[in-house]
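Scroll down for the structure; my scribbles are underneath it.
The values are calculated or read from the model by the stated rules, or taken from the named source; none is laboratory data. Just so you know, these numbers come straight off a predicted model, no measurement behind them. Neighbour counts are summed over all protein chains in view; Cβ atoms, including those assigned to glycine, are modelled from backbone coordinates with ideal geometry. Heavy atoms of the whole protein, side chains included, go into the accessibility calculation; ligands, DNA and RNA do not. Shrake-Rupley method; radii C 1.70, N 1.55, O 1.52, S 1.80 Å.
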Amino acid sequence: MKGSEAMEFVHEPVLLQEVLQWMAARPDGVYCDGTLGGGGHSGALLRQTSGKAALYGIDRDETAIRAASQRLASFPGFCALHGNFHDGKALLQAVGAPPLDGVLLDLGVSSPQLDHGERGFSYHEDAPLDMRMDPSQGATAAELVNTLPEKELCRIIRDYGEEKWAARIASIMVEHRQKQPIATTFDLVRVIDAAIPKAVRRKDDGHPARRTFQAIRIAVNDELAPLDKALCDFVDCLKPGGRLLVITFHSLEDRLVKRCFQRLQNPCVCPPKAPICTCGRKPLVRVLAKGAVAPTAEEIARNPRARSAKLRVCEKLEVTP
C-alpha cells in the first residue's frame, strides 16, 4: 500500500474525549471499533491503554482498512477485519474473539469519503453518483435514482431524508431520467434545485441537497434496516460490565439507537397495570450518560461536521437465569 493512502484517509474523530471517558479502556481489555474509518478513535483508545489492549477494527471500506492498518501497525493488539459492522458478531466469532469489554460504533460517513469527490458522497463536487461505502458491492446511487419507481424514490427521500419536498423531487427525478440519466452528483443537485422553489432554497440554513443526498446514501448502503439487530448482536458480544457506545449524526439513527437501548433496559412486555411481571424478561443493559452526549462548542467550532453528533452509551448487565 502506498504511504500516501494512509495520509489521505485522515478523519478527525468526533466526540473523542467523551468516547475515551465513557469507554474507560483498560490495558487488559478487549475492544471493537465497528466503524474503523481512518482509525482515529481506535488509535486513541489503544494509546489510552499504553498500546496493551486488544482491539478489533471493522470496516466495509478496504481503503479505510489499509489506511488504518498502516497507521496502527505499531499496536500489536490491533486486528483489522474487512466487512460490515452489521455482521460484526459473525466477523468476531470467525476470528475467535473473546467477550468484549467495549464496542464503539461511529455511524457517520468519514471525512475522506465526503472529501474525495470521486466517491460520489458530496454535493459540493461533481463526480460519478456512487455513494457505496464498499465500492465493490451493491448498486450505486445512480442505479437507484435511475431505476426505482417514483413512489419508492419519494418514500426514501421522505423517510430517510425527512425532506418535505420529497414528492416533488422524486417527480422531477423521473422526468429528468426519461430524457437522460442522472449520472453525476451535480446532475442530482440540479434535479433537487429544480424541484425546490428558489425562495425556499434561499431560506435554507444548509445546502438544499443535503437531505436528499443523506436519504439516497442510507438507501444505497442499507444503513438503517439492520441497525437494531446489529446493536443487539454487539450487546451479545459484550461481557457483563462491557459498554456499547454509539455515535449518530441524524435523528433517524438516534431514535433507533435510543429505542433499542430503552427496550434492552426494559424488555418487559407485561401489561402496564399488571401487579407483577410474568413475562420473565430481564434487563440486559443499563443506559448511561443520562441520554445523549453532545459535542462541546469548542469541538463544533473546530470541526463543524460534529455539530449534529450524539453519543449514547449502555452497559451490559449480569443476567442470572
Region 159-171 - residue that is free of Cβ contacts under 8 Å to residues at least 24 places away in the same chain and open to solvent by 20 Å² or more (accessible area, probe 1.4 Å) and, of those, farthest from Arg255 (Cα to Cα): Ala167
Region 187-224: number of residues that are farther than 20 Å from Glu152 by Cα and in contact with a Phe, Trp or Tyr (Cβ under 8 Å, 6 or more places away or on another chain): 2
Lone qualifier among Pro267, Pro240 - being open to solvent by 10 Å² or more (accessible area, probe 1.4 Å), at pLDDT below 95 and not basic (Lys, Arg): Pro267
Identity of the residue in region 138-149, without any contact (Cβ under 8 Å) to a residue 60 or more places away in the chain and assigned to a loop (DSSP other than H, G, I, E, B), that ends up surrounded by the most Cβ atoms within 10 Å (Cβ to Cβ): Leu148
Residue within region 305-314 that is open to solvent by 60 Å² or more (accessible area, probe 1.4 Å), assigned to a helix (DSSP H, G or I) and either free of Cβ contacts under 8 Å to residues at least 40 places away in the same chain or more than 27 Å from Gly206 (Cα to Cα) (or both) present: no
Set Leu100, Leu148, Leu72, Leu91: member being of a type in the set (A, V, I, L, M) and within 17 Å of Gln214 (Cβ to Cβ): Leu148
Selection status of Phe249, in contact with a Ser or Thr (Cβ under 6 Å, 6 or more places away or on another chain) and under 25 Å from Cys32 (Cα atoms): yes
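Among the helices (runs of 4 or more DSSP H) lying completely within region 191-274, list those that include at least 2 residues that are within 13 Å of the chain's Cα centre (by Cα) and within 27 Å of Leu16 (Cβ to Cβ).
It comes to 210-221, 227-237, 251-265.
Among the residues of region 284-296, count how many are without any contact (Cβ under 8 Å) to a residue 60 or more places away in the chain and open to solvent by 20 Å² or more (accessible area, probe 1.4 Å). Before you say what the answer is, go through the steps one by one.
Kept after step one, since they are without any contact (Cβ under 8 Å) to a residue 60 or more places away in the chain, are these residues of region 284-296: 284-287, 290-292, 294, 296.
Checking which are open to solvent by 20 Å² or more (accessible area, probe 1.4 Å) leaves us with 284, 286-287, 290-292, 294, 296.
Qualifying residue count, region 284-296: 8.
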Residue under evaluation Glu299, criteria (1) within 14 Å of the chain's Cα centre (by Cα); (2) open to solvent by less than 70 Å² (accessible area, probe 1.4 Å); (3) acidic (Asp, Glu); (4) under 28 Å from Tyr123 (Cβ atoms), criterion not met: (1)
Subset of region 120-156 that is among the charged types (D, E, K, R) and more than 17 Å from the chain's Cα centre (by Cα) - its residue that is modelled with the lowest pLDDT: Glu125
